[in-house]
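Visitor: After the structure tokens below, expect a handful of questions from me.
The values are calculated or read from the model by the stated rules, or taken from the named source; none is laboratory data. This is a predicted model, so every value here is computed, not measured. Here the Cβ positions follow ideal geometry from the backbone for every residue, glycine too, while neighbour counts run over all protein chains shown.
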Amino acid sequence: MTQLSPSDLLLLHALADQELDAAAALALEARVAAEPALAAEYARILALKARTKALGKPAVSPDFAARIAALAQDAEPRPAARRARIFSFDHPSWRALAASVVLTAFLAGGGTYLFTAPQSEASIEDAVADGHHRALLAASPIDVQSSDRHTVKPWLDQKLGLSPPTADLAAQGFPLVGGRVEVIAGNPLPVLVYRRRQHLISVVAKPLPNGSVEAPASRTVDGYNMVSWAGGGFHYWAVSDLDPVELSNFVDNFRKQ
Amino acid sequence: MPGNEQAAELFRQIVVPHLADALALARWLTGSLHDAEDVVQEASIRAFTAINSYEGRGPRAWLLSIVRNTCFTWLAKNRPHEIVLVGSAAEMDGTELGLHEDPALDPEADMIRRADTAAVEAAIAALPQPYREVLVLHDINGLSYKEIAAMLSIPIGTVMSRLSRARRLIAAQIGREAP
């Protein structure tokens, strides 16, 4: 069976769930019509969706509905003005909730901490991965389409008043396909988009106030591979569904330029 | 008191019509319809006492997020061993489970269509909790990616990967059980 790329899979699910915009949906539908592997997977997703939906919801017995409706007569809603009391620790449900939170935290133990703690520091990585993800879902992952770095660089310059060095890596198998602007943590940042076979690589560049240099570090964010490094006045994040080895290879070539 | 009358009316408009959705979510989060009724009753009381904080949009999503929270409180009290899954949601989103190497869905679409209801229900019940809740909220409750992302405080991309992963796990399970 042909292996579908992870982003194609997510797109197929989004298409089945009618969560794609019209342009992206049309483009994907055309690919589904042309590629049997996509069509088979799409048919399976639709069948599974239908099967799950057919399980339906439990019937609400008249007895139960009456019991719930009667709650409105017995209980007294908390007026909006007194809403602050919800946060009082005296309130029994909050005590129970707090106890359960403590219990959960205790039971889940240190493992959870390891997974959640880096995330809070890594919000910019999340934003970069989300941006890449959105770009893949959008009708076009690039705002300026050109394999010519002498087109992309001035375009970014004109938009943002800054542009990162735009490496030409076509000879190494990573042709430039264009650029876009992404707003990350409130800052509009230039993004260069390269291609490796069918995989897109987004390179986000954030200008650094100082000339600090950081060696490349790899990680996985939301299922995407990401390499970040700093040098030449910019902090870079390269994100892609490309496998980690090829992505590192790309980063090595990019840094040499 | 007129304020109470208004609140009772609001409760009848935004909670009572969505009881089937509330029961469906609670049934899949607690694993039993009987427990689901207890949880939904408790959630309805919470919804009523908090009805003045209802902001006037998405009544179903509003009620379901109360049901979800009530489920977790209930699970912590009644099934302290299972609540651990809630805490470990984060570790399931990475590639540790081989999301990238995930094979395509095993069985053919026809096989999925013919699968036993009991087999589909068992496959959903067997899903890890973070996948199960996204699948139920989307495919049974019919919430959008955006509504689920807001309710669970996770990025839309995570909703998408959990949902596709959940469906693939179910399909794989159906494929294994088919003769």
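Visitor: With respect to B:N52, is the statement that it is part of a helix (DSSP H, G or I), surrounded by fewer than 17 Cβ atoms within 10 Å (Cβ to Cβ) and either in contact with a Pro (Cβ under 6 Å, 6 or more places away or on another chain) or at the interface with chain A (Cβ under 7 Å from one of its Cβ atoms) (or both) true?
Guide: no
Visitor: Among the numbered conditions (1) assigned to a loop (DSSP other than H, G, I, E, B); (2) at pLDDT 90 or above, tell me where B:L137 comes up short.
Guide: (1) is the only condition that B:L137 fails.
Visitor: Looking at A:L12, A:L48, can you tell me which residue is of a type in the set (A, V, I, L, M), in contact with a Phe, Trp or Tyr (Cβ under 7 Å, 6 or more places away or on another chain) and surrounded by 15 or more Cβ atoms within 10 Å (Cβ to Cβ)?
Guide: Selected residue: A:L12, the only one of A:L12, A:L48 that is of a type in the set (A, V, I, L, M), in contact with a Phe, Trp or Tyr (Cβ under 7 Å, 6 or more places away or on another chain) and surrounded by 15 or more Cβ atoms within 10 Å (Cβ to Cβ).
Visitor: I would also like to ask the following. Can A:A205 be described as surrounded by 14 or more Cβ atoms within 10 Å (Cβ to Cβ), assigned to a helix (DSSP H, G or I) and of a type in the set (G, A, S)?
Guide: no
Visitor: Can you confirm whether segment A:165-184 contains a residue that is part of a strand (DSSP E or B), under 16 Å from A:Q145 (Cα atoms), of a type in the set (F, W, Y) and touching a helix residue (DSSP H, G or I) at 6+ places or on another chain (Cβ under 6 Å)?
Guide: Yes, segment A:165-184 has at least one match.
Visitor: With the requirement that a residue be facing another protein chain (nearest Cβ under 9 Å), modelled with pLDDT of 55 or more and in a loop (DSSP other than H, G, I, E, B), what does segment B:55-102 give you?
Guide: B:P80, B:H81
Visitor: Right, next: From the list A:L192, A:L242, A:L200, which residue is within 14 Å of another protein chain (Cβ to nearest Cβ), under 18 Å from the mean Cα position of the chain (by Cα) and modelled with pLDDT of 85 or more?
Guide: None of the other options fit; the residue is A:L242.
Visitor: Limited to segment A:29-70, what total is found for residues that are assigned to a loop (DSSP other than H, G, I, E, B) and either more than 7 Å from chain B (Cβ to nearest Cβ) or polar (S, T, N, Q) (or both)?
Guide: 4
Visitor: List every residue pair whose Cβ atoms sit under 8 Å apart, with the two residues 6 or more apart in sequence or on different chains, where the first one lies in segment A:243-257 and is of a type in the set (S, T, Y) and the second, anywhere, is buried (at least 17 other Cβ atoms within 10 Å of the Cβ).
Guide: That search, which allows pairs on different chains as well, returns A:S248/A:P216; A:S248/A:V227.
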